[in-house]
């Protein structure tokens, strides 16, 4: 009898693990409108978990209503978070982790449903997309999410629901290199590149939704980060494009927004390394089938690559 019970328990455990591995995103599904407790959580209780909130974008649905004359959403929010201290050693081993650091602790509520969704891309899916295989890095990154998930469960409750799939794009990342002439003042190159980058993307109707300078953050914390002379992450969003996806039936896909584009220069080198997850991952992980949405998502990938090439960054 005991042997049978152990076999049943093992089977259930394996089934749960398989389901989790097959999913792509995690949401707490909460009855009613959870906006107020969510805001209280991220603004007052988040830092106790080791995560830091940066560049919050609340109630994007209000912007949709104002600009496009209406919205199907009661709430849509992008809240970029990162476990800064825990990520430092991982950055030193795997700089590509910046493709999801920071990431969005997403919140949305559709008008047609009296439920609030709060969640994020599953860490294993993030790691698969950026191409990190190191077992130690994968474990440390995944483990860093537990205090965050526990906080959401304790403060907001709801049913934990796993959605999407772990299927990623055939080309999960767009990556670039830009070789530059390194003078005595590296800041001169960085300032010039960042100015041109921001001007070009803004001219193409993108929003610089966030900027996080990890090199400066770790210097301020007096934590060693000498492998890099520079490391920063931009968060990009295209308002009209996003409205066509998130306000038109797929607010869950907002879990991938805004897009994190990392940029770094190794110590003493003259190459700027750049990377960002392709939006094709939205299609694969979230199972987006609508032809219009698929076309617009793929067009953004093509356009971003074209912009970066125009800035002198060579695709690799």
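Throughout, read-outs are computed from the coordinates displayed, never taken from laboratory work. Here the structure is a predicted model, which means the values were calculated and not measured. Virtual Cβ from ideal backbone geometry, glycine too; neighbours counted across all protein chains shown.
On a 0 to 90° scale, report how tilted helix 146-156 is relative to the longest principal axis of the chain, with both axes built from alpha carbons and the result rounded to the nearest 10.
60 degrees
Roughly speaking, what is the stretch gain from residue 45 to residue 194, that is 0.36 nm per residue apart minus the C-alpha to C-alpha distance, in nm to one decimal?
Taking residue 45 through residue 194 to full extension adds about 50.3 nm, to one decimal.
Could you sort the peptides 156-166, 90-100, 260-270 by per-residue average Cβ neighbour count (10 Å cutoff), highest mean leading?
90-100, 260-270, 156-166
What is the chain's relative contact order, in percent, from Cα pairs under 8 angstrom and six or more apart in sequence?
Worked out over the chain, it gives 22 percent.
Quick one: helix 186-203 against the long Cα principal axis of the chain, what's the angle to the nearest 10°, folded into 0 to 90?
60 degrees
Take the eigenvalues of the Cα gyration tensor for the chain, scale each by 5, and report the square roots as semi-axes in whole Å, largest first.
Here the semi-axes work out to 32, 25, 19 Å.
How many angstrom lie between the Cα centre of the range 130-144 and the Cα centre of the range 148-223?
18 Å
How tilted is helix 84-93 with respect to the longest principal axis of the chain? Cα atoms for both, answer in degrees (0 to 90, nearest 10).
60 degrees
With 10 angstrom as the radius, rank 174, 204, 41, 126 by how many other C-beta atoms surround their C-beta, starting from the fewest.
204, 41, 174, 126
Determine, for 80, 296, the number of other Cβ atoms within 10 Å of each Cβ, and report the residues in order from fewest to most.
With the fewest neighbours first, 80, 296 line up as 296, 80.
As a test of the formula, what do you get for the chain when each DSSP H run with n ≥ 4 contributes -39,500 (n - 2.57) and the sum is divided by the residue count, at 222 nm and rounded to the nearest 500 deg cm²/dmol?
-13000 deg cm²/dmol
Assuming 0.36 nm per residue, please report the length gained on full extension of the stretch residue 211 to residue 72 beyond their Cα-Cα distance.
Extending this stretch completely gives an extra 47.1 nm.
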